[in-house]
Amino acid sequence: MQMSCAARPLIGAVCVGISLAAAPLARAEDPGPIRIGVIAEAQAVAGSSIPSAAQLAADEINAQGGVDGRKIEIVSYDNHSSSAESVRAFQRAVSEDHVNAVIGSYVSEVVLALEPWAGRLKTVFITPGAASDLITANIAKDYEHNKYTFHGYLTSSSIARLVCDAAKDMLVDGLKMKTAVVMSEDAAWTTPLDASYAECLPKIGLNVLDHIRFSPDTTDFTPIFNKIEGEKPDVIITGISHVGVQPTVQWKSQQVPIPMFGVASQATNSTFWKDTNGATEGVAYQGVSGPGVAVTPKTLPFVDAFQKKFGNIPSYCGYTAYDDVYIIADAIHRAGSTDSDKLVAAMEKTDYVGTIGRVQFLPEGDPHVHGLKTGEGLITGLFLQWQNGKQVNMWPSSLASGKLQFPSFVKTGTAAN
Amino acid sequence: MSGSEPRLEVTGLSKRFGGLTAVRDVGFSIQAGEILGLIGPNGSGKSTVMKAILGVERPDTGSVRVDGVEVAGWPSHRIARLGVGMVFQHSRPLHRQTVLENILLGLLPDHLLAVLPDPANEARARAIADRVGLGAVLDRRPSTLPFADLRRIEIAKAIARDPKVVLVDEPFAGLTARETSAFAKLIAEMRDDGRAVLIVDHNVKSISALVDRVYAMYVGERIAEGSVAEVMQNETVRRVYLGGALETAARPESSFRDAQTPFLEVEKLSVFYGKAQALEDVSIHVHQGEFVAIVGLNGAGKTTLFNAISGLRKYGGEIRRQGQALRGKSAASIARAGIVQSPEGRELFTEMTVRENLEMGGGRLEEKERAERSEFLFDLFPILKARARQTAGTLSGGEQQMLTIARALMMKPDLLILDEPTLGLAPVIMEQISKALERLRGRTDITVLLGEQNVTFALPHADRVYVLEHGRIVWEGDPSRFAAEVGERYL
Amino acid sequence: MLFWQILIDGFAISALYALGATGFTLIFGVTGVLNLSHGAIMVAAAVAAWAAAGNWGLGPYLGAMFGVGVGVLLSLATYFLIVQRLQRSRAIREEEKEIFILTATLLWGIMIQEAIAYLFTNNAKTVLPIVEGVVTIAGVRTPANEIFTACVCWLAIGALWLFVNRTRAGKAVLAASMNPKGVTLLGIELSAVYVAVWAVYGALAGIAGVLLGMFLGVSSYSAGPLTASAFSIVVLGGLGSVSGSLIAAYIVGYLETLTAYLISPAYRAIPALLLLVAVMYVRPRGLLGRR
Amino acid sequence: MLARILKSPPVWISLIVVAVASTLPLYVSGYVLGLLTIAYYFGVFSMAWDLLFGFANEVNFGPTFLIGLGAYTAGILDSLYQPPIILCIAAGVAASVTGGVVLALPALRVRGPYFGLTTLVAVLMLQNFVVVAAELTGGEIGLTVPDVISINDRTNYWIALGFMTVSGAILYGLSRSPVGLILQASGQDAVQAAALGFNVTKHKLAAFIVSAFFSGLAGALMVFYLGAASVGTFIDVTVGVQVIVGAVLGGRRTILGAAIGAVFLIAMGEALRPLGDLSTFIVSAIALFVVLVFPGGLLGMLKGAREAT
């Protein structure tokens, strides 16, 4: 709660009041509300949507009488993007605030640090935004201990595959591109991402000329872009999330003649245009949802409600956080209890159509157990591009509302003709 | 049993710092139960000798023997453990410990495993404390003690290690007459315990009662050695300290226009440094155009007095310029008002050229006026003209001193305060500066307040002389009467 | 080609480092203060410019000026609220003041940084650039902004040089850095000199911050690293030596660029640090250190 | 002298405090315990730092260099081979003691800001190394350690409390012991100390080793409490700042004050968590206020109060 307030000093005090009042109130009536802890990066672009979206979902559910008469209560924690703070927050959520489940963080590092605690404290934990395959890999490795963790967002490898699918249609078939350079930040989630890129890009006919990993605290991208340009690829396939503004702005100011295409989490956020002074024009990025794109009937109503309530468009993990609350509520309803083990069993049977598609978790035995199933009729993802201030969807064609177009300084199809 | 072998023997000791030779071929020896006084004016190199013995400075050549053991070049702590103790002039006790603990420190072994206190030590510490007269204040913190007691702690720490050789640095600086005799007794006791004692001080007089022999140094070299009487009679010593026969150019005080309200009046001035009282009821005055000399040894309080006048120190009492009280005015505004100091520390801008330094002085003058002024000063100190483009840091000591004076004069002061202008300078240089002052007096009606321990230099210029001792004015009068009435003290 | 690229990019980034470090070393040289809120002040200036230029629609020029202004204000605040108080405090022994000033300025920096994160979130922000587009130098396509940055940096440094060597106030500052007491004895009020220096410092840090915001972009996270880099450059060059820090800035700038181009962007910072460590052991005074 | 130590108010007061603290688990929520557990480890960090600053008079801006070495060495060893935790911790301590010696070398040569700087650079170096050697250290990602000492809040709490108490006792004892006296003398005026026959180098080196020992040990233990190590938790300069601020806040040169200050900082930070992003701001503001107005720190304030009455 505080986080959404953080952006608004004025009502901050009020919110604090609420979140403080919450604790005693909870004890009072019995069986008491269902409490869901939300641990997120309040000050980060992507993270700030998580608690807001979760709160929105909770309000909607409560408005319809809650789950079997029990209201849902969101308890939020700012983890200042730090693993240690998150671990403390997680402990607080479980032992102090007695939450029944935790929705946490879009940062893989953080989620990886929390995963063992979910097991130790036997509390259902789902991440709305982290992507590292390690999360599900760990569950597969030690199911009994780690089964409490669910991966509420696409794994890096599946994201990579979705990017490849989109690239095949738009770049290879569309623009006759033949070569690419992969540029990704050095972080937990990009390791599997890059691996899958390396595997699937050649398959779709994009020859990977080079593979650049840079530290997330890089500020000067000049050398990187110059190096890439020297290698004359047709496209830069990106894998960035912690950084975003700086590479984009420098891409524009240096007028790098090569399009950027791939994963750019910060670009999913509506404020990205302003943060980059419009430099993001032409940046094409993978997403699970986008403004005005009716992935499912639930998508647009959610975006509208969110915008009405918080004044900005949710980031990608806003959608998933919103869905996760419903998924947990639904599971509790089916389990008829908040007992963690029962809850896990129920969660595994989830079949829920949310804002980003139809959610089902991979079963035990799968290398990505508790990860999302992807593909036709489930979650396909989208591919959007910033075009004069708007995020326009290009892919899949069924949901497309525009076609790729790059700023003048970008030379496309050079290889083709 | 080699009774005749000296406890401490220094031979052919020399030490250079970059260009200048601080000590050249110094040698002496001290027997057990003997006190040697090592004397010399500032910059004579005596403290360098002391540091070399203590191992703080490593001598370039020469040897230092303690009971026949060559220790030259050893690290301090090994020399100390061999039996050399030191009574520092500036006491820096451990502030958060009691006096007892401070003394205990001196008794501790140099082990890392000395974690458990040894009760025997405490007994010994108490004994030492009683002996040096700290028995009553054992459990107080040093910050609550008078200055003299802090010095006592230093002595206690030194003898705690039961050293064969004790070095004592300016034992009486900043002490009252009564305290002085008490300390003399303590040092005498060290001798009676059969230790070899080396006292380092500025002049013979203050330690004459105490020492068996004296070794006098000047600009890094030995000038005399022998009994107190011999050294005091020695010609060189007399010249260094008193100069030859005086021909003074003193003008009678009545001859000055502002006889009733002198240009500068200092009334009942007193200044404290923490515990130590540096100045006590000092009253002096300077007339327009008068040249007043304040003669006093180091630590007598000259610099303190000048800093008080320049507004750099808090003080009790009154300081008036032409009747106007200066209290509360900032140091800078006092300087702007024409009371300009040429400080003992010179305080030059070492990375600026000579010319730039002068221009800083003449900062508030018109372009043209400034040019004239610097011409005048270049003419007064021709050497500076030759060095105009050199940075001040590269000048010799003498040239730096001249620059300091010239820079002060650039401000066209009404009153020029000269603090120890001859400090550590060779006689020839003093001569030049002396000449310059002479010409200055001739050409302008400048008012000068000169502070000196070098009587030779001070008297010839002075109209009037004050003698400052232990922070008090003890004598005032005409320079011609000086030698006869107070000269002896300045040997 | 690559050679020219490294040459040009290295030059710009180094100029930025130089400007940042100059103010830092100036303050140390004259007032003996290592101001650990340096980075925070730079970021504050940049973010202020960003907000003014973008959100409040003042446009790039006014925005930039506003940013620099904020830099000056913060710098003066640092002096009056913290440094001066500590320097005058009687409760703290002289030899301890250093650590106190360091700790206090550090805390102050954190406060500024947190305030920024609170008011503007901690996403990276890029200040609306004054010049856009690219020009081609020796076959290297270079953002005009980058050239602009380098030029302004050198103008600012040049202006500082003129101030110090050609004006009376500047001379006083220089003199004060060599010998404060000497300055007082010549009738110049030290306190005035100090205020002047802190104001100048604020301007330099402000300009550096705003330029950084236009060139690379900043976030509240940048505060720490910025202080650290200024700190290391200044030490490499020798505390208090302006020319030293200029040289050091270029050494570090080019080392980083070379590493980024020839080895890998990921190792960018390391050679410079190694060099610094080496210098610390071999010649603690730094390249041109006098103290 | 021992008798005097036991008589001195700080000691018996802190004994009482520890006694009370050890009963907390009986009536305080697990969360508060978890919080205090971390706070206690920071207490040790600050005390170890104060030994260097307050007594050897060496301003070490890189406490996290020692802490980080201990923490990461232990963590990496565990994640690679899973030997008994005790071994990992021993290795961590060894590493940070070595680091302490390395740090001491320049400290004994250069003075003032220069040394402070070397230590800061040491931290930056370590930080970069951790990021670059990602496959070993987990880099930016942070290292997830398979084993933890215990997942029981109370056990962890008691371990931390016990550890802090013992370290505190040892460090405080040292500071009051003869060697502590020598160390202070060496720190205050090396020339005078040497003139009394003390090998200043030896004593300072020892101080560095002791400080490194406790920093490293605390770091290693904390890793096995958190089950994760990241630059942001153990190495980042801001962590070091927190350690230093803790010591200065509590009252430098008192050892015990350092612990109080550190615990206070963490507790404040948590108490203010509802303020979200502002909490850090306010904590720094409070710390700054104390530094400016009560240079003696919290203990200093208490003393002042006592002397005033």
Filtered residues of region C:222-261 (kept if touching a residue at least 60 places away in the same chain (Cβ under 8 Å), hydrophobic (A, V, I, L, M, F, W, C) and within 14 Å of chain A (Cβ to nearest Cβ)): C:ALA223, C:LEU226, C:ALA228, C:VAL252, C:LEU258
Residue match in region B:75-98 (condition: out of contact with any Asp or Glu (no Cβ under 6 Å at 6 or more places or on another chain) and more than 25 Å from D:GLY187 (Cβ to Cβ)): yes
Region D:15-58, residues that are part of a helix (DSSP H, G or I) and surrounded by fewer than 17 Cβ atoms within 10 Å (Cβ to Cβ): D:LEU15, D:ILE16, D:VAL17, D:VAL18, D:ALA19, D:VAL20, D:SER22, D:THR23, D:LEU24, D:LEU26
Residue list for region B:318-332, filter: more than 7 Å from chain C (Cβ to nearest Cβ) and surrounded by 15 or more Cβ atoms within 10 Å (Cβ to Cβ): B:ILE319, B:ARG320, B:ARG321, B:LEU326, B:LYS329
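One line per residue, one yes/no per condition, for (1) touching a helix residue (DSSP H, G or I) at 6+ places or on another chain (Cβ under 7 Å); (2) more than 14 Å from chain C (Cβ to nearest Cβ); (3) part of a loop (DSSP other than H, G, I, E, B):
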{"residue": "D:ASN60", "(1), (2), (3)": "yes, no, yes"}
{"residue": "D:ASP78", "(1), (2), (3)": "yes, yes, no"}
{"residue": "D:PRO83", "(1), (2), (3)": "yes, yes, yes"}
{"residue": "D:VAL102", "(1), (2), (3)": "no, no, no"}
{"residue": "D:ARG109", "(1), (2), (3)": "no, no, yes"}
{"residue": "D:VAL121", "(1), (2), (3)": "yes, no, no"}
{"residue": "D:MET125", "(1), (2), (3)": "yes, no, no"}
Number of positions in region B:357-378 that are assigned to a loop (DSSP other than H, G, I, E, B) and either of a type outside the set (Asp, Glu) or within 20 Å of C:ASN179 (Cβ to Cβ) (or both): 4
Looking only at region C:262-277, and only at residues there that are of a type outside the set (Lys, Arg), more than 7 Å from every other protein chain (Cβ to nearest Cβ) and farther than 29 Å from C:MET178 by Cβ, the one that is surrounded by the most Cβ atoms within 10 Å (Cβ to Cβ): C:ALA272
Selection count where residues are free of Cβ contacts under 8 Å to residues at least 60 places away in the same chain and farther than 30 Å from A:ALA46 by Cβ, scope region C:109-147: 7
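Residues checked against (1) over 20 Å from the mean Cα position of the chain (by Cα); (2) within 24 Å of B:VAL271 (Cα to Cα); (3) surrounded by fewer than 20 Cβ atoms within 10 Å (Cβ to Cβ):
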| site | (1), (2), (3) |
| --- | --- |
| B:GLU431 | yes, no, yes |
| B:LEU440 | yes, no, yes |
| B:GLN453 | no, yes, no |
| B:ARG464 | yes, yes, no |
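Yes or no, residue by residue, for (1) surrounded by 19 or more Cβ atoms within 10 Å (Cβ to Cβ); (2) facing chain D (nearest Cβ under 10 Å); (3) in contact with a Lys or Arg (Cβ under 8 Å, 6 or more places away or on another chain); (4) in contact (Cβ under 8 Å) with a residue 60 or more places away in the chain:
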residue: B:VAL71; (1), (2), (3), (4): yes, no, yes, no
residue: B:ALA120; (1), (2), (3), (4): no, no, no, no
residue: B:GLY135; (1), (2), (3), (4): no, no, yes, no
residue: B:PRO146; (1), (2), (3), (4): no, no, yes, yes
residue: B:VAL165; (1), (2), (3), (4): yes, no, yes, yes
Test: residue in region A:117-132 that is within 13 Å of chain D (Cβ to nearest Cβ), free of Cβ contacts under 8 Å to residues at least 12 places away in the same chain and surrounded by fewer than 24 Cβ atoms within 10 Å (Cβ to Cβ): yes
Scope region B:67-83; condition under 23 Å from B:ARG152 (Cα atoms) and part of a loop (DSSP other than H, G, I, E, B); matching residues: B:GLY83
Flag if A:GLY69 is more than 10 Å from every other protein chain (Cβ to nearest Cβ), of a type in the set (Gly, Ala, Ser) and surrounded by fewer than 24 Cβ atoms within 10 Å (Cβ to Cβ): yes
Criterion: at pLDDT 90 or above, aromatic (Phe, Trp, Tyr) and over 19 Å from A:GLN254 (Cβ atoms) - qualifying residue of C:PHE120, C:PHE163: C:PHE163
Members of region C:122-165 that are in a helix (DSSP H, G or I) and within 12 Å of chain A (Cβ to nearest Cβ): C:ALA144, C:ASN145, C:GLU146, C:ILE147, C:PHE148, C:THR149
Output for region B:84-93, where each listed residue is touching a strand residue (DSSP E or B) at 6+ places or on another chain (Cβ under 8 Å) and either in a helix (DSSP H, G or I) or surrounded by fewer than 24 Cβ atoms within 10 Å (Cβ to Cβ) (or both): B:PHE88, B:GLN89
Matching residues, region C:185-220, being in a helix (DSSP H, G or I), free of Cβ contacts under 8 Å to residues at least 12 places away in the same chain and crowded, with 24+ Cβ neighbours inside 10 Å: C:LEU185
Failed criterion for C:SER89 (all others in (1) within 12 Å of chain D (Cβ to nearest Cβ); (2) crowded, with 17+ Cβ neighbours inside 10 Å; (3) not β-branched (Val, Ile, Thr) hold): (2)
Answer residue from region A:211-238, given it is in a strand (DSSP E or B) and touching a residue at least 60 places away in the same chain (Cβ under 8 Å) and is farthest from C:THR142 (Cα to Cα) among those: A:ILE237
Given (1) in contact with a Gly (Cβ under 7 Å, 6 or more places away or on another chain); (2) touching a residue at least 60 places away in the same chain (Cβ under 8 Å); (3) part of a helix (DSSP H, G or I), number of the condition B:ILE405 does not satisfy: (1)
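One line per residue, one yes/no per condition, for (1) surrounded by fewer than 23 Cβ atoms within 10 Å (Cβ to Cβ); (2) of a type in the set (Gly, Ala, Ser); (3) under 24 Å from A:SER157 (Cβ atoms):
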site: A:PRO223; (1), (2), (3): no, no, no
site: A:GLY230; (1), (2), (3): yes, yes, no
site: A:ASP234; (1), (2), (3): no, no, yes
site: A:THR238; (1), (2), (3): no, no, yes
site: A:VAL243; (1), (2), (3): no, no, yes
site: A:LYS252; (1), (2), (3): no, no, no
site: A:MET260; (1), (2), (3): no, no, yes
site: A:ALA267; (1), (2), (3): no, yes, yes
Residues of region B:94-106 that turn out to be within 9 Å of another protein chain (Cβ to nearest Cβ), hydrophobic (A, V, I, L, M, F, W, C) and part of a helix (DSSP H, G or I), as a count: 2
Scan of region D:183-198 for residues that are in contact (Cβ under 8 Å) with a residue 40 or more places away in the chain and at the interface with chain B (Cβ under 7 Å from one of its Cβ atoms), ordered by number: D:GLN184, D:GLN188
Residue in region A:314-321 that is in contact with a helix residue (DSSP H, G or I) (Cβ under 9 Å, 6 or more places away or on another chain), more than 22 Å from A:PRO51 (Cα to Cα) and modelled with pLDDT of 90 or more present: no
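Every residue, every condition in (1) out of contact with any Lys or Arg (no Cβ under 7 Å at 6 or more places or on another chain); (2) under 30 Å from D:VAL243 (Cβ atoms); (3) crowded, with 22+ Cβ neighbours inside 10 Å, yes or no:
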residue: C:TRP108; (1), (2), (3): yes, yes, yes
residue: C:THR121; (1), (2), (3): yes, yes, no
residue: C:ALA124; (1), (2), (3): yes, yes, yes
residue: C:GLY133; (1), (2), (3): yes, no, no
residue: C:ARG141; (1), (2), (3): yes, no, no
residue: C:ILE147; (1), (2), (3): yes, no, no
residue: C:CYS153; (1), (2), (3): yes, no, yes
residue: C:LEU160; (1), (2), (3): yes, no, no
residue: C:ASN165; (1), (2), (3): yes, no, no
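The values are calculated or read from the model by the stated rules, or taken from the named source; none is laboratory data. Note that the coordinates shown come from a computational prediction; the quantities given were computed from them, not determined experimentally. All Cβ positions, even for glycine, are placed from backbone atoms using ideal geometry, and neighbour counts span all protein chains on display.
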